[in-house]
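For reference, the structure discussed in these notes is given below.
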Amino acid sequence: MSTKQKPLPNELELPQCGVDTHAHLDLPQFKADLPAVLERSRDSGLRYLVNVFLGPEAYLAGKSLFDSHPEVFFALGQHPHEAEQLDIEALSRLEEYISRDARIRAMGEIGLDFFRLRSSEERQIRAFRDQLRLARDYDWPVVIHSREAAQRTLEILRDMGFAERPVLWHCFAGDGRLAREVAAMGWMVSVPGTLTYTKASDLRLAVQELPLSRIVLETDCPFLSPEPYRGQRNEPAFTVFTARALAEAKGLAVEDVWKRTGDNAISFFSLQRPAEGGSTDGPEARGQE
């Protein structure tokens, strides 16, 4: 039996310019060691993180966890699993919180999940359209959740006028055809740790077709740990292994992929800390006019 130790994320020695665009660090899996997780994140070369809250209650309960961590920004939306809970009051609260908190840089993750169907298809579609309407009115970037519902998701986004608007397809798992459709609409794709899996050949072919300017990286932690940590709790530091797999798929240096995907994420989410120039108060900090 091999006793070879797994490589540590900081052993790749990547510069501090990477971005994990999709983490769920407010979930119970990180309750015991969040400070250490964030320290490893910095050590791995991550400059920023985007923590995605899965509804207004999660946001209120978890936002204070990051009061002393200005490298963490937020996204907020009603996940399709909880679409039944998105009534007028909840939608109003989303509008209030996103408008008020400059750390919230996108609405999401919102969309459709026809795999588990924890909310009915009809209710998911209604909640998706309601949130898209709000994002469109305020010109907010949108982070999309789509599982077993790609074509329906595309139809709704087109119908709601989101071509060439800031849309990020979270946890992209499609093939080359879907990648081309997403890119043709002017949208971004977020590549998770599943890219490192042996059986992810379709995803590797898809990212080969996409220009690097359309790609960002994510963990979706605590889920979907990349190799060599598959089966364990995922965390932001593991983004480096996805970057390495993406670099191999595209025949590029991992340092180049790390920086360019990080730059893409900074641009999409308008990420900037006060010390780096500008205020984080008001819509201008979110890249809005």
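Each value in this text was obtained by applying a stated rule to the coordinates, not by laboratory testing. Here the structure is a predicted model, which means the values were calculated and not measured. Using ideal geometry, Cβ is built from the backbone for each residue, glycine included, and neighbour counts are taken over all protein chains shown.
Put in line by how crowded their Cβ is, counting other Cβ atoms within 10 Å and starting with the fewest, I266, I104, I110 read I266, I104, I110. Along its principal axes, the range 1-152 has C-alpha extents of 51, 40, 27 angstrom, given from the largest down. Per residue, the convex hull spanned by the Cα atoms of the range 18-272 measures out at 114 cubic angstrom. Taking all Cα pairs closer than 8 Å and separated by 6 or more residues, the relative contact order of the range 18-272 comes to 20 percent.
Counting alpha carbon pairs within less than 8 Å and at least 6 residues apart, what relative contact order, in whole percent, applies to the range 151-227?
32 percent
Which shape class applies to the range 108-214: rounded if a/c is under 1.5, otherwise prolate when a/b exceeds b/c and oblate if not, where a ≥ b ≥ c are the square roots of the Cα gyration tensor eigenvalues? The shape class here is oblate.
Our note on the geometry: Cα centres of the range 208-229 and the range 52-76, 22 Å apart. Each residue of the range 227-236 was assigned a 3J(HN,Hα) from its phi angle through the Karplus curve 6.51 cos²θ - 1.76 cosθ + 1.60 (θ = phi - 60°); the sequence is 5, x, 10, 4, x, 9, 4, 7, 8, x Hz, with glycine and proline shown as x.
Volume per residue of the convex hull around the Cα atoms, evaluated for the range 54-134, comes out as 88 Å³. On the beta carbon distance between L12 and D67, with R0 = 25 Å, the FRET formula returns roughly 0.25.
Assign one of three labels to the range 172-254, namely rounded, prolate or oblate, based on the Cα gyration tensor with a ≥ b ≥ c the square roots of its eigenvalues; rounded applies when a/c is under 1.5, prolate when it is not and a/b is larger than b/c, and oblate otherwise. Prolate is the answer for the range 172-254, as a/c is 1.5 or above and a/b outweighs b/c.
Take the alpha carbon gyration tensor of the range 108-153, find the square roots of its eigenvalues, order them as a ≥ b ≥ c, and report rounded if a/c is under 1.5; if not, report prolate when a/b exceeds b/c, else oblate. Prolate shape, in that a/c is at least 1.5 and a/b is the bigger ratio. Secondary structure note: in the chain, about 0% of the DSSP beta bridges are antiparallel.
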